[in-house]
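**Student:** Right, I'll just put the structure down here and ask away after.
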Amino acid sequence: MSTQHEAGVATAHRVLILGAGYAGMAAAIQLAARVGRREAVQVTLVSAQERFTERLRLHRTATGQRLAERSVPELLAGTGARFVRGWVTALDADAKTVRVDDNRVLHYDTLVYGLGSVADTAAVPGVEDYAYTLNSVQDAELLADRLARLGSGTVVVGGSGLTGIESAAEIAERHPELDVVLLGRQEPGATTTPRVKAYLRSALDRLGVRVRSGIEVVRVRPDSVELASGENIAADIVLWTSGTRASQLAAAAGLSVDESGRIVTDTVLRSVSHPDVYAVGDAAAIRQGYGVMHGTCQGGMPTGVHAAVAIVRALKGKKPRPFRFGYYHTPVSLGRHDAVVQFTHPDDSPRRMYLTGRSAVWYKETVSASPWPTYVRMKRMPSSGAFWPRGGRFTRVRGAR
Ligand SMILES: Cc1cc2nc3c(=O)[nH]c(=O)nc-3n(C[C@H](O)[C@H](O)[C@H](O)COP(=O)(O)OP(=O)(O)OC[C@H]3O[C@@H](n4cnc5c(N)ncnc54)[C@H](O)[C@@H]3O)c2cc1C
């Protein structure tokens, strides 16, 4: 732990990165690899856990499947970057300090804010009290334990977005003894082509998932969910995946945030209100030519890399370049033996091309497994992490080089 960070008497430029998720890890490794052990820059990564959370695979954790242990401090070893394990409890953007576990104060010159997002449990009464989430490994393990002990009964998955689909499919496949109901406003795969939608639907049917669309959940109770129509659906377990919100810390510190609490950034990924704060991943509201990006790993890792490169350029007195990103796919697992991959245009609208079945399972697994080896590679060769689709005409900024 850096005394310079705690005492605030640094001579080095202190870069503090909050959150060792997909985006924060990309920023930390990329920056550490680029600045090396240079005295002039000190990189510190703060996060709740030493173990890297593979959020993309938490639906597997939630069904009792064990994932590889990945140690963040071990990956950082030898880079010169430090790791601080702790829960960030406050940010003071004027004093440029971050409070960790209420009792430690870390100072920064540049902050990278990558605290991710969680399921929005505040929008519907009862969700906070009675529903499970996939916000962390601990949450997923709690659900796994409850599912394993249930024996028989009904699991309601609230939210028919990708996390809801993947979770419902995984639970139905691992627990054929349970009745799984997937509830959502929209039908599963609403943004995909009709063929992909049909494939998703038939896969969910095959797994025994009962899909109900056009549904508004208005309350979650200990043993049921209430719909806007007045109907009650009996539920032994409710898993909530609908909507996301970012941590309150940025808003509380007076940074400009959007309605979900995400930090509003400029084209370089700096906060529009506090330019010494970069925002990355799900915690950032990043506007591209096609609109504001939505939270994904495919877009989150590039934001982390870009922030690191922008910081290095700024430290050298060079002008940072605008961030550009175009989506390219939506891979969806349907249990362990099936999947579908919808290829997309840079604005996330669906292309005609898609994969299903075994090739889609292979594709999805390859993508989900790729972040960690990417970090390992970046540690030796930072430029290897700097390739992603920039989005062509969908993201071109007039006048920018
Ligand atoms: C089940 C599931 C499946 C998904 N599948 C896909 C997919 O197939 N493809 C895709 O692109 N996206 C997928 N996503 C979304 C993807 O996981 C997120 O977009 C991605 O994790 C965002 O990365 P991030 O680094 O911004 O945040 P995260 O990965 O959430 O990391 C945030 C980090 O900050 C830490 N943290 C948060 N608050 C604090 C605090 N106060 N103090 C200390 N540490 C803190 C957390 O512990 C975590 O380590 C899926 C999500 C889920 C839940």
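The values are calculated or read from the model by the stated rules, or taken from the named source; none is laboratory data. Note that the structure is a prediction, hence the values are computed from the model and not measured. Cβ sites come from the backbone with ideal geometry, for glycine too, and all protein chains shown count toward neighbours.
**Student:** (1) closer than 21 Å to Glu187 by Cα; (2) within 22 Å of the chain's Cα centre (by Cα); (3) not charged (D, E, K, R): which one isn't true of Ile233, the others all being true?
**Tutor:** Answer for Ile233: the failing condition is (2).
**Student:** Then there is this: Within the stretch 14-27, can one find any residue that is at pLDDT below 95 and within 16 Å of the ligand (Cβ to nearest atom)? Talk me through it step by step, then tell me what you get.
**Tutor:** Going residue by residue through the stretch 14-27, those that are at pLDDT below 95 are none.
Within the stretch 14-27, none of the residues are at pLDDT below 95 and within 16 Å of the ligand (Cβ to nearest atom).
**Student:** Now, a different point. Can Val257 be described as surrounded by 21 or more Cβ atoms within 10 Å (Cβ to Cβ) and more than 12 Å from Val112 (Cβ to Cβ)?
**Tutor:** Values: surrounded by 21 or more Cβ atoms within 10 Å (Cβ to Cβ): yes; more than 12 Å from Val112 (Cβ to Cβ): yes.
It is true that Val257 is surrounded by 21 or more Cβ atoms within 10 Å (Cβ to Cβ) and more than 12 Å from Val112 (Cβ to Cβ).
**Student:** Could you list, in sequence order, all residues of the stretch 131-167 that are of a type in the set (Val, Ile, Thr) and more than 14 Å from the ligand (Cβ to nearest atom)? Steps first, answer last, please.
**Tutor:** The first filter runs over the stretch 131-167 and keeps only residues of a type in the set (Val, Ile, Thr), leaving 133, 137, 154-157, 163, 165.
If the condition is that a residue be of a type in the set (Val, Ile, Thr) and more than 14 Å from the ligand (Cβ to nearest atom), then Thr154, Val155, Val156 are the ones that fit.
**Student:** Additional query: In the stretch 222-236, how many residues are free of Cβ contacts under 8 Å to residues at least 40 places away in the same chain and assigned to a loop (DSSP other than H, G, I, E, B)?
**Tutor:** Looking only at that region, the number is 5.
**Student:** Which members of the stretch 23-64 meet the condition of being under 30 Å from Gly335 (Cβ atoms) and touching a Lys or Arg at 6+ places or on another chain (Cβ under 8 Å)?
**Tutor:** Ala48, Gln49, Arg51, Phe52, Glu54, Thr63, Gly64
**Student:** Is it the case that the stretch 346-364 has a residue that's in contact with a Leu (Cβ under 8 Å, 6 or more places away or on another chain), surrounded by fewer than 20 Cβ atoms within 10 Å (Cβ to Cβ), aromatic (Phe, Trp, Tyr) and not assigned by TED's automatic domain parsing to the domain that holds Glu173? Steps first, answer last, please.
**Tutor:** If we filter the stretch 346-364 for residues that are in contact with a Leu (Cβ under 8 Å, 6 or more places away or on another chain), which is where we start, we get 363.
Still in the running and surrounded by fewer than 20 Cβ atoms within 10 Å (Cβ to Cβ): 363.
Among the residues that remain, those that are also aromatic (Phe, Trp, Tyr) are: 363.
With the extra rule that they be not assigned by TED's automatic domain parsing to the domain that holds Glu173, the set shrinks to 363.
Yes, some residue in the stretch 346-364 is in contact with a Leu (Cβ under 8 Å, 6 or more places away or on another chain), surrounded by fewer than 20 Cβ atoms within 10 Å (Cβ to Cβ), aromatic (Phe, Trp, Tyr) and not assigned by TED's automatic domain parsing to the domain that holds Glu173.
**Student:** Still on this structure, I have one more. Of the residues Val112, Val118, Val105, Val124, only one is closer than 30 Å to Val220 by Cβ and assigned to a strand (DSSP E or B); which? Step through it out loud before you land on a result.
**Tutor:** Details: Val112 fails: closer than 30 Å to Val220 by Cβ; Val105 fails: closer than 30 Å to Val220 by Cβ; Val124 fails: assigned to a strand (DSSP E or B).
Exactly one residue qualifies, and that residue is Val118.
**Student:** Another question about this same structure. Specify the residue that is farthest from the chain's Cα centre (by Cα); the eligible residues are those in the stretch 98-120 that are more than 13 Å from the ligand (Cβ to nearest atom) and of a type in the set (S, T, N, Q).
**Tutor:** Asn103
**Student:** State the number of residues belonging to the stretch 245-261 that are in contact (Cβ under 8 Å) with a residue 24 or more places away in the chain and among the acidic types (Asp, Glu).
**Tutor:** Number satisfying all stated conditions: 1.
**Student:** Identify all residues within the stretch 175-200 that are free of Cβ contacts under 8 Å to residues at least 24 places away in the same chain and exposed (fewer than 15 other Cβ atoms within 10 Å of the Cβ); write none if there are none. Steps first, answer last, please.
**Tutor:** In the first step, residues of the stretch 175-200 are kept if they are free of Cβ contacts under 8 Å to residues at least 24 places away in the same chain; the result is 194, 197-198.
Of everything in the stretch 175-200, those that are free of Cβ contacts under 8 Å to residues at least 24 places away in the same chain and exposed (fewer than 15 other Cβ atoms within 10 Å of the Cβ) turn out to be Pro194, Ala198.
**Student:** Only one of Ala140, Ala168, Ala172 is crowded, with 20+ Cβ neighbours inside 10 Å, in a helix (DSSP H, G or I) and in contact with a Ser or Thr (Cβ under 7 Å, 6 or more places away or on another chain); which?
**Tutor:** Working: Ala168 fails: in contact with a Ser or Thr (Cβ under 7 Å, 6 or more places away or on another chain); Ala172 fails: in contact with a Ser or Thr (Cβ under 7 Å, 6 or more places away or on another chain).
When all the criteria are applied, what remains is Ala140.
**Student:** When you scan the stretch 20-47, how many residues do you find that are free of Cβ contacts under 8 Å to residues at least 40 places away in the same chain and surrounded by 20 or more Cβ atoms within 10 Å (Cβ to Cβ)?
**Tutor:** 3
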